[in-house]
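Input: a single structure, listed below in structure tokens.
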Amino acid sequence: MPTFISLVNYTGEGVQHMDESPDRLDAARNVVESMGGELREFYLTMGQYDAVVIMEMPDAETATQAGITISGAGAVRTETLRAFPEDEYRELIDGLP
């Protein structure tokens, strides 16, 4: 399954209710799993982004739907990137003209 990395920022609402954040993470995991994916890793981070999520999803469309669903709850905003692991990266480079 393709890998996606989501860069997460808490909204004002998310910060105001930070004590609910672990429950929201569980809910996000359930959304991802209900769409056929797996939330593989979660990191609380320092710097430009508040958290980083690594997930596998069936395709980009499903990853987008999950992001819209999770962000729609109002506690986070996400920027999601398609990530190519090393073996896929090497195949891409080998296929260059």
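The values are calculated or read from the model by the stated rules, or taken from the named source; none is laboratory data. Since the structure is predicted, the reported quantities are computational estimates derived from the model, not experimental observations. Here the Cβ positions follow ideal geometry from the backbone for every residue, glycine too, while neighbour counts run over all protein chains shown.
With respect to residue 8, determine if the residue is surrounded by 15 or more Cβ atoms within 10 Å (Cβ to Cβ), among the hydrophobic types (A, V, I, L, M, F, W, C) and out of contact with any helix residue (DSSP H, G or I) (no Cβ under 8 Å at 6 or more places or on another chain). Break it down into steps so the answer makes sense when it comes.
Details: surrounded by 15 or more Cβ atoms within 10 Å (Cβ to Cβ): yes; among the hydrophobic types (A, V, I, L, M, F, W, C): yes; out of contact with any helix residue (DSSP H, G or I) (no Cβ under 8 Å at 6 or more places or on another chain): yes.
So residue 8 passes the test.
Among all residue pairs at least 6 apart or on different chains, which show Cβ distances below 9 Å where the first residue, located in segment 1-30, is of a type in the set (D, E, K, R) and the second is in a helix (DSSP H, G or I)?
Cβ pairs passing all conditions: 20/14; 24/14; 24/70.
Got a number for residues in segment 15-50 being of a type outside the set (A, V, I, L, M), within 20 Å of residue 79 (Cβ to Cβ) and either assigned to a loop (DSSP other than H, G, I, E, B) or modelled with pLDDT under 95 (or both)?
6
If I go through segment 50-76 residue by residue, how many of them are closer than 13 Å to residue 6 by Cα and buried (at least 17 other Cβ atoms within 10 Å of the Cβ)?
So the count comes out to 11.
Looking only at segment 2-12, which residues are touching a Gly at 6+ places or on another chain (Cβ under 7 Å) and either in a loop (DSSP other than H, G, I, E, B) or modelled with pLDDT under 95 (or both)?
As a first pass, look at segment 2-12 and keep what is touching a Gly at 6+ places or on another chain (Cβ under 7 Å): 6, 11.
Matches in segment 2-12: 11 only.
If you take the residues in segment 51-97 that are in contact (Cβ under 8 Å) with a residue 40 or more places away in the chain and assigned to a helix (DSSP H, G or I), which one is farthest from residue 30 (Cα to Cα)? Before you say what the answer is, go through the steps one by one.
First pass over segment 51-97, keeping only residues in contact (Cβ under 8 Å) with a residue 40 or more places away in the chain: 51-60, 63, 67, 70, 73-85.
From the residues that got through so far, the ones that are assigned to a helix (DSSP H, G or I) too are 60, 63, 67, 70.
Values: 60: 18, 63: 13, 67: 13, 70: 10 Å.
Only one residue fits best here, namely 60.
On the phi > 0 side of the Ramachandran plot and in contact with a helix residue (DSSP H, G or I) (Cβ under 9 Å, 6 or more places away or on another chain): does that describe residue 47?
The answer is no for residue 47.
Checking residue 41 against (1) surrounded by 13 or more Cβ atoms within 10 Å (Cβ to Cβ); (2) touching a residue at least 12 places away in the same chain (Cβ under 8 Å), only one condition comes out false. Which one?
(1)
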